[in-house]
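K.L.:
Just dropping this structure here.
The values are calculated or read from the model by the stated rules, or taken from the named source; none is laboratory data. If you're wondering where the values come from, they're calculated on a predicted model, not measured in any experiment. Please note: Cβ atoms are built from the backbone with ideal geometry, for glycine as well, and neighbour counts cover all protein chains shown.
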Ligand SMILES: [Mg+2]
């Protein structure tokens with residue numbers, strides 16, 4: 001299948017988002033949040049663990065949207081995603097709340113880094129792309145402290161040629177500087193030689209399109225065949241990549 005948004009003939013590098021594209025971040029995060037709830041006795045704030053997870057996820061999502069728009073710093077995101085969800089029930093002083101929030105974030109990230117769940121079809125897609133002799137990169141807005149550990153825990157280290165993280169250069173997808181940086185690191189300056197696969201239209205896809213790359217929007221679970229949009233292709237399952245690249 002040929003489409004100007006994929007450009008099969010000139011393609012050399014396939015870049016893939018990590019969280020919720022290769023690694024099942026949502027599943028892994030829920031496991032880590034449940035373990036954190038037990039480990040740090042969070043029943044003092046939430047009688048029910050599911051309520052804790054709901055509150056955390058809602059707050060975390062809105063903080064990540066702001067972080068991706070470069071409105072807040074990484075440190076603010078890390079402390080606030082914990083602090084805001086326990087502040088109402090907190091009884092002690094504010095310094096102690098800040099200390100506890102940092103400790104929760106540290107423990108959460110350590111637990112998260114140990115999880116192994118992959119998105120369905122991720123391993124098969126990587127093996128297919130490798131067989132087609134494409135170079136494979138990860139392009140992620142996640143934190144360097146955990147992304148490399150997550151890749152290793154999931155058994156993906158040997159399947160990826162290059163890992164580019166927003167932490168490496170201090171700008172996030174969709175800022176095109178991270179796409180330019182990826183091309184520089186790959187030693188391949190032709191935008192038409194690159195395609196991005198990712199689950200976030202506002203970051204992964206918007207940035208790739210602006211950089212002149214091909215783009216495959218992974219709209220996980222969407223039924224049916226790939227849909228050709230003007231600037232990108234939309235797929236519901238990673239197995240569809242095999243028909244596109
Ligand atoms: Mg993602």
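K.L.:
I need the full set of residues from region 226-240 which are assigned to a loop (DSSP other than H, G, I, E, B), away from the ligand (no atom under 16 Å from the Cβ) and buried (at least 19 other Cβ atoms within 10 Å of the Cβ), in order please. Please lay out each step first, then the result.
P.N.:
Narrowing region 226-240 to residues assigned to a loop (DSSP other than H, G, I, E, B): 226, 229-232, 236-237.
Right, trim to away from the ligand (no atom under 16 Å from the Cβ) and you get 226, 229-231.
Of everything in region 226-240, just one residue is assigned to a loop (DSSP other than H, G, I, E, B), away from the ligand (no atom under 16 Å from the Cβ) and buried (at least 19 other Cβ atoms within 10 Å of the Cβ), namely 226.
K.L.:
Is it the case that some residue within region 151-158 is surrounded by 20 or more Cβ atoms within 10 Å (Cβ to Cβ), modelled with pLDDT under 95 and touching a strand residue (DSSP E or B) at 6+ places or on another chain (Cβ under 6 Å)?
P.N.:
yes
K.L.:
Inside region 28-147, counting only helices (runs of 4 or more DSSP H) that do not spill past its ends, which hold 1 or more residues that are more than 22 Å from the chain's Cα centre (by Cα) and surrounded by 13 or more Cβ atoms within 10 Å (Cβ to Cβ)?
P.N.:
49-68, 74-86, 94-113
K.L.:
How many of the residues in region 206-225 are surrounded by fewer than 20 Cβ atoms within 10 Å (Cβ to Cβ), on the phi < 0 side of the Ramachandran plot and assigned to a loop (DSSP other than H, G, I, E, B)?
P.N.:
Here the count works out to 5.
K.L.:
Continuing with this model, one more query. From the list 28, 68, exactly one residue is closer than 18 Å to residue 166 by Cβ and within 16 Å of the ligand (Cβ to nearest atom). Which is it?
P.N.:
When all the criteria are applied, what remains is 68.
K.L.:
Report every pair of residues separated by at least 6 positions or lying on different chains whose Cβ atoms are under 9 Å apart, first residue within region 82-104 and on the phi < 0 side of the Ramachandran plot and in contact (Cβ under 8 Å) with a residue 12 or more places away in the chain, second surrounded by fewer than 13 Cβ atoms within 10 Å (Cβ to Cβ) and in a loop (DSSP other than H, G, I, E, B).
P.N.:
100/92
K.L.:
Continuing with the same structure: Can you report the number of residues in region 111-133 which are touching a residue at least 40 places away in the same chain (Cβ under 8 Å) and within 19 Å of residue 218 (Cα to Cα)?
P.N.:
Qualifying residue count for the region: 11.
K.L.:
Among the residues of region 169-213 satisfying the criterion of being touching a strand residue (DSSP E or B) at 6+ places or on another chain (Cβ under 9 Å) and over 23 Å from residue 235 (Cβ atoms), which is farthest from the ligand (Cβ to nearest atom)?
P.N.:
Only one residue tops the list, namely 188.
K.L.:
Working carefully through the options 184, 192, find the one that is in contact (Cβ under 8 Å) with a residue 40 or more places away in the chain and surrounded by fewer than 22 Cβ atoms within 10 Å (Cβ to Cβ).
P.N.:
One residue alone meets the criteria, 192.
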